[in-house]
Amino acid sequence: MKRIGIAGFGTIGRVVARHIENSDLPLALAAVSAGDRTRAEAAMAQLARPVPVVDTAELVALSDVIVDSAPTAAFRDIAEATLCAGKTLVTVSGAALMQWPGAAGFARDHGGRIILATGALLGIDAVRAAAIGSIHSVTMVTRKPVKSLIKADHVVRNGIDLTEIDEPLKIFEGSAREGAIAFPANVNVAAALGLAGTGPDQTRLEIWADPALTRNTHRIIVDSDSARFELAIENIPTDENPGTGRITAQSIVAALHDLVSPIRIGT
Ligand SMILES: NC(=O)C1=CN([C@@H]2O[C@H](COP(=O)(O)OP(=O)(O)OC[C@H]3O[C@@H](n4cnc5c(N)ncnc54)[C@H](OP(=O)(O)O)[C@@H]3O)[C@@H](O)[C@H]2O)C=CC1
Ligand SMILES: O=C([O-])CC(=O)C(=O)O
């Protein structure tokens, strides 16, 4: 039985907890950590078998695997505490991982492991396989409804008014690294794509706010010496946090299944 601790009991963390509770695989929810403890305890009362809301140190002590579903800013503390204990971190904070160049060395030195789940993306398996050979180019175009982008740091900081737009507006063009830093809660997937393929600096990214859309969409074109492929995904936003697609939590659950299943499908 693997004991799972969830760091960040918000939109993603609560869905992951419910799946673990209902799973017939050898996974058990051990504890969660939170920003606002009172709010997390109220949400915990919705579970059939509530677990304690604890701080990061206790979460790590009580768990074999930590799921990081906290904000980007909390990633490093959660990751270091997990890795220092020689444990496994499952995260979708690609933007934060990208900004920690020493992560692999830190994990190796402490006998821990970081698993960056695919999150709200697709095709990371094919991109990784292509990267074994030579990738010529990777381009990603993200289009999101206004409600998914309106609170993004970059939009607020630059005073970009999305409330009145009646046609698609390109709000960012650059590298995946620049995009993930400017939109840490909106294009973690671009960072993941960069880390899987030619690197975040070589991966090109556009972000559009599109008033006609209801879904968070990503289109990716990869050209390599083994294959050319195009990928597209239309994510249904969660009600709680429209920037977060529903599939993200399910990607984490699938990654947890991989840790305990006798057969693994896909790279
Ligand atoms: N790769 C991908 O495909 C995607 C990645 N993400 C990333 O996943 C993460 C979670 O997203 P989401 O669930 O939508 O976000 P939410 O804001 O819904 O949930 C985050 C939770 O973390 C809590 N929290 C805040 N600080 C800490 C801390 N120091 N330790 C533990 N918990 C803390 C917050 O509590 P409180 O509100 O009380 O502060 C909140 O409940 C984000 O980093 C986001 O960028 C999201 C979508 C897609
Ligand atoms: O839901 C999405 O489309 C992707 C997302 O928020 C992210 O990468 O952080």
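Whenever you get a sec, line up Ile181, Ile115 from highest to lowest accessible area (probe 1.4 Å, protein heavy atoms). Numbers along the way, then the final one.
Numbers: Ile181 85, Ile115 35 Å².
Per-residue accessible area, sorted high to low, gives Ile181, Ile115.
Given 20 °C and 1.002 mPa s, how large is the Stokes-Einstein diffusion coefficient of the chain in µm²/s, with Rh as the Kirkwood radius over Cα pairs?
Here the translational diffusion coefficient equals 113 µm²/s.
Tell me, what is the per residue accessible area of the chain in Å², probe radius 1.4 Å? Provide the component values of the computation, followed by the final result.
Values: 12770 Å² over 267 residues.
So the chain comes to 48 Å² accessible per residue, rounded to a whole number.
Pop out the carbon and sulfur fraction of the accessible area of the chain as a percent, whole number, probe 1.4 Å.
Numbers: 6310 of 12770 Å².
After summing per-atom areas, the C and S share lands at 49 percent.
Does segment 1-86 come out rounded, prolate or oblate, given a ≥ b ≥ c as the square roots of the eigenvalues of its C-alpha gyration tensor, rounded meaning a/c under 1.5 and, failing that, prolate meaning a/b above b/c?
Details: a/c = 1.73, a/b = 1.16, b/c = 1.49.
Oblate, since a/c reaches 1.5 and b/c is not below a/b.
Provide the packing ranking of 100-106, 88-94, 2-8, i.e. peptides ordered by the mean count of other C-beta atoms within 10 Å per residue, highest first.
On the way: 100-106: 12.6, 88-94: 26.6, 2-8: 23.6.
Ranking, from highest mean packing down: 88-94, 2-8, 100-106.
With a sphere of radius 13 Å drawn around the Cβ of Ile181, what net charge do the other residues whose Cβ falls strictly inside it have (Lys, Arg +1; Asp, Glu -1)?
Numbers: positive: Arg157, Arg177; negative: Asp153, Glu178, Asp201.
Charge balance in the 13 Å sphere: -1.
For the pair Ile236 and Lys147, how long in nm is the line joining their label points, each one 7 Å along Cα→Cβ?
1.4
So if I place +1 on the C-beta of Lys and Arg and -1 on the C-beta of Asp and Glu, and nothing else carries charge, what would the dipole magnitude of segment 124-234 be about its Cα centre? I want it in debye, nearest 20.
Numbers: 12 positive and 15 negative charges, 55 e Å.
With Lys and Arg at +1 and Asp and Glu at -1, about 260 debye.
Does segment 190-267 come out rounded, prolate or oblate, given a ≥ b ≥ c as the square roots of the eigenvalues of its C-alpha gyration tensor, rounded meaning a/c under 1.5 and, failing that, prolate meaning a/b above b/c?
Working: a/c = 2.09, a/b = 1.06, b/c = 1.98.
Because a/c hits 1.5 or more and a/b fails to exceed b/c, segment 190-267 counts as oblate.
Work through the residues other than Arg37 whose Cβ is under 14 Å from its Cβ and net out their charges, Lys, Arg +1 and Asp, Glu -1.
Value of the local net charge: -3.
Would you count, across the chain, every pair of lysines whose alpha carbons are under 29 angstrom apart, provided the pair is eight or more residues apart or spans two chains? Could the numbers behind the result be given before it?
Working: Lys2/Lys87; Lys144/Lys170; Lys147/Lys170; Lys151/Lys170.
Within the chain, the lysine pair count is 4.
What is the extension gain from Gln46 to Phe106, computed as 0.36 nm multiplied by their sequence separation minus the C-alpha to C-alpha distance, in nm to one decimal? Please list the in-between numbers first.
Details: separation 60, 0.36 × 60 = 21.60 nm, distance 3.68 nm.
That works out to 17.9 nm of additional length.
Between rounded, prolate and oblate, where does segment 110-245 land on the alpha carbon gyration tensor, with a ≥ b ≥ c its root eigenvalues, rounded for a/c under 1.5, else prolate if a/b exceeds b/c? Before the final figure, lay out the partial values.
Numbers: a/c = 1.88, a/b = 1.62, b/c = 1.16.
Prolate.
The values are calculated or read from the model by the stated rules, or taken from the named source; none is laboratory data. Source: prediction; values computed, not measured. Note: ideal-geometry Cβ built from the backbone for every residue, glycine included; neighbour counts use all protein chains shown. We work out accessible area using only protein heavy atoms, side chains counted, and drop any ligands, DNA or RNA first. Shrake-Rupley method; radii C 1.70, N 1.55, O 1.52, S 1.80 Å.
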